[in-house]
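Data first, discussion second: the structure below is written as C-alpha cells.
The values are calculated or read from the model by the stated rules, or taken from the named source; none is laboratory data. As the structure is a computational prediction, the values presented were derived from the model and not from experiment. Cβ sites come from the backbone with ideal geometry, for glycine too, and all protein chains shown count toward neighbours. Surface accessibility is based on the protein's heavy atoms, side chains included, excluding ligands, DNA and RNA. Shrake-Rupley method; radii C 1.70, N 1.55, O 1.52, S 1.80 Å.
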Amino acid sequence: MYNEKLRPQFHFTAKEGWLNDPNGLVYYDGQYHLFFQHNPFGTGWGNMTWGHAVSTDLLHWEQQSNALEPDSMGVMFSGSAVVDWNNTAGVQVGNHKTLVALYTAEGSYVDPKQPSTQCLAYSTDAGQNWIKYAHNPVINEITPGNRDPKVFRWVSPENKEEYWVMALYVNENSNHTVQFFRSDNLTEWEFLSKVDGFFECPDCFPLAVDNDQNNIKWVLFGANYRYVTGDFNGREFILESGLHCGDFGPNFYAAQTYSDIPESDNRRIIVGWMQGGNYPDMPFNQQMTFPCELTLRKTANGIRMYKYPVKEIETLRIKTHNSTNNLNGDLFDIEAEIEPGNSTEFGFDFSGYKISYVVGDQILFSGKNSAPLALENGAVKLRILIDRASVEIFANGGIIAISSCFIPNMAASKMSFYSFGGDIKLRSFNIHELKSTWEK
Ligand code: FRU
C-alpha cells in the first residue's frame with residue numbers, strides 16, 4: 001500500500017477509490033484538514049462522499065474515516081469549512097471550538113430526486129466526528145446545480161464589524177455567477193451581490209500586495225483557476241483586473257485555499273485537484289496538487305498572483321546534485337536559474353517527458369502544454385516538482401505555473417539536461433532527490 005507503481009509519493013491520494021475536489025480545507029489545533037470529493041466504492045466518479053485526511057505538516061497525510069456520507073437530501077458535493085471561534089452557531093460543546101462545514105447536498109443523484117441545497121455540518125471534537133445540522137438546508141435551491149459554498153470571515157477594515165460571507169456558484173439563465181451571502185450564525189444567510197463569469201468552486205480572499213498590510217487586494221477565482229484581483233467591501237466584489245491564467249497546465253482544477261491559518265504563519269495556502277491523468281491498475285484514482293503558497297506582487301504588467309510550493313517540502317530532500325549524472329529514484333525537486341546565452345532551446349528530459357524553454361519565442365513547455373515566459377533579469381528561473389505521475393512547474397518565482405499529469409516510464413527512469421544551438425549559463429542548478437511521505 002502507498003508504494004504502487006503509479007502512486008504519487010508526496011501528493012495526496014485516497015487509499016482507495018476516486019477523488020476529486022479538495023473540500024473543507026481548514027487548520028485547527030495543529031492539524032491541517034483535507035476533505036475531498038470521494039467515491040469510496042469505485043475508481044470512477046460517483047457516490048459523492050467527503051473523504052477526510054489530516055496532516056501536521058502538509059506533507060504526511062493520514063486518511064480518516066469519511067466525514068460526510070450521502071443522505072436522503074443528496075450526495076455530498078463540494079464545500080468549505082471554518083473554525084467558529086466565537087461560537088456564532090451556538091453548538092460548541094466543551095473547550096474545542098466548533099468546526100463548521102458548508103456543503104452542497106446535490107439532490108439530483110438520489111431517489112426521489114431533491115433540489116440542490118446548501119447544508120451545514122459541524123464537529124465539536126476538532127474534526128473527528130461530523131454531525132449534520134438538524135434544520136438543513138441553510139440555503140434553499142436558487143437554481144438547479146447551484147453549489148460549492150466557500151465561507152470566510154469578513155472583518156470591516158473601517159469599523160471592525162464582522163460576519164460570515166459565503167461565495168456560491170449559481171447558474172442563472174446559463175450565466176455562470178458567483179453569488180455572495182452574509183450570515184451572523186452560519187445558518188441564516190442573506191443575499192448580498194453577484195459577479196458574472198465564474199464556473200464552480202469559487203474562492204475569494206484578501207492578500208497583501210508585496211506583503212504590504214496597507215495595500216490589501218482581494219482575489220476571486222472559479223474552478224478553472226482564472227483569477228481576478230479587486231476589492232471586496234463586505235457586500236460586493238469590485239473587479240480591478242481582467243482574468244489572469246493562474247495555471248497553464250491541463251491538470252489544475254477546483255482549487256481551494258485554507259481557512260484559519262494562524263496569524264503567526266499567515267500564509268494563503270492552496271490545494272487543487274489534478275483533474276485528469278491516468279492511473280491504470282491502481283486501487284485509487286486522481287491526486288491533489290502539492291500545497292502552494294499564494295502571494296500578490298506588483299509587476300510591470302500590473303498585480304499578479306504567484307503560486308509556489310510550501311517550504312515544508314524542503315524537509316523531504318535527501319540528497320542534492322548539481323548535474324543530472326548519478327541521480328537516484330523518481331522523486332525530484334529541481335531549482336535552476338538559467339541564462340539562455342546563445343542557445344535556442346534548453347531543458348530537461350525525464351524518461352521521455354520534456355520540459356523545455358524555447359528562447360526565441362519565450363515559451364516554456366511541459367510535455368505538450370506551454371506558457372509564455374519572459375526572461376527576468378536575463379534569466380529563466382525554474383522550480384520543478386516531479387512525482388510519480390505528476391510534474392508541477394513554477395517559473396520566475398511562481399508567476400507562471402504548469403501542472404501536468406504523466407505516466408512515468410519506470411523502465412527508463414532517467415533524467416538528462418540539454419541545450420541546443422549554443423551555450424547556456426547556469427546561475428544555479430540544484431536537483432534534490434526527495435523521500436516518500438509514505439515512508440515511516
Ligand atoms: C468540480 C465539481 C463541483 C462539485 C463536485 C462534484 O469538480 O463539479 O462543482 O461540487 O465537483 O464532485
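Summary table
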{"read-out": "One residue from N129, N136, N146 being touching a residue at least 40 places away in the same chain (Cβ under 8 Å), more than 19 Å from V271 (Cα to Cα), more than 13 Å from the ligand (Cβ to nearest atom) and polar (S, T, N, Q)", "value": "N136"}
{"read-out": "Complete set of residues in the range 197-234 that are more than 16 Å from the ligand (Cβ to nearest atom), charged (D, E, K, R) and in contact with a Lys or Arg (Cβ under 8 Å, 6 or more places away or on another chain)", "value": "D210, D231"}
{"read-out": "Filtered residue count, the range 382-405, keeping only those that are in contact with a strand residue (DSSP E or B) (Cβ under 8 Å, 6 or more places away or on another chain), open to solvent by 10 Å² or more (accessible area, probe 1.4 Å) and under 12 Å from Q287 (Cβ atoms)", "value": "1"}
{"read-out": "Condition check for S343: assigned to a loop (DSSP other than H, G, I, E, B), over 30 Å from E439 (Cβ atoms) and open to solvent by less than 30 Å² (accessible area, probe 1.4 Å)", "value": "yes"}
{"read-out": "Residue list for the range 162-205, restricted to those being assigned to a loop (DSSP other than H, G, I, E, B), farther than 21 Å from T229 by Cβ, modelled with pLDDT of 95 or more and not β-branched (V, I, T)", "value": "D184, N185, L186, E188, W189"}
{"read-out": "D260 being of a type in the set (D, E, K, R) and closer than 18 Å to M166 by Cα", "value": "yes"}
{"read-out": "Qualifying position, being farther than 30 Å from G367 by Cβ, outside any strand (DSSP E or B) and among the small types (G, A, S), among G242, G234", "value": "G234"}
{"read-out": "N47 vs. criteria within 16 Å of the ligand (Cβ to nearest atom) and within 19 Å of the chain's Cα centre (by Cα)", "value": "no"}
{"read-out": "Residue, nearest to the ligand (Cβ to nearest atom), within the range 149-166, restricted to residues that are of a type outside the set (D, E, K, R) and free of Cβ contacts under 8 Å to residues at least 12 places away in the same chain", "value": "V155"}
{"read-out": "Total residues in the range 1-42, condition of a type in the set (D, E), at pLDDT 95 or above and surrounded by fewer than 24 Cβ atoms within 10 Å (Cβ to Cβ)", "value": "2"}
{"read-out": "Strands (runs of 3 or more DSSP E) completely within the range 258-326 that count 3 or more residues being within 23 Å of Q31 (Cβ to Cβ)", "value": "268-273, 292-299"}
{"read-out": "Tabulated pairs, the range 41-70, first at positive phi, second away from the ligand (no atom under 16 Å from the Cβ), C-beta under 7 angstrom, 6+ apart or interchain", "value": "L58/Y32; L58/P291; L58/V310; L58/E312"}
{"read-out": "Test: residue in the range 250-266 that is hydroxyl-bearing (S, T, Y), away from the ligand (no atom under 16 Å from the Cβ), in contact (Cβ under 8 Å) with a residue 60 or more places away in the chain and open to solvent by 30 Å² or more (accessible area, probe 1.4 Å)", "value": "no"}
{"read-out": "Matching option when the condition is surrounded by fewer than 19 Cβ atoms within 10 Å (Cβ to Cβ), of a type in the set (D, E, K, R) and within 20 Å of M274 (Cα to Cα), among K368, K425, K414", "value": "K368"}
{"read-out": "Residue within the range 167-182 that is away from the ligand (no atom under 16 Å from the Cβ), surrounded by fewer than 16 Cβ atoms within 10 Å (Cβ to Cβ) and either under 23 Å from G398 (Cα atoms) or acidic (D, E) (or both) present", "value": "no"}
{"read-out": "Check on K150, surrounded by 15 or more Cβ atoms within 10 Å (Cβ to Cβ) and within 14 Å of G79 (Cβ to Cβ)", "value": "yes"}
{"read-out": "Selection from the range 299-330 of residues that are crowded, with 17+ Cβ neighbours inside 10 Å, touching a helix residue (DSSP H, G or I) at 6+ places or on another chain (Cβ under 9 Å) and at pLDDT 95 or above", "value": "M305, Y306, K307, P309"}
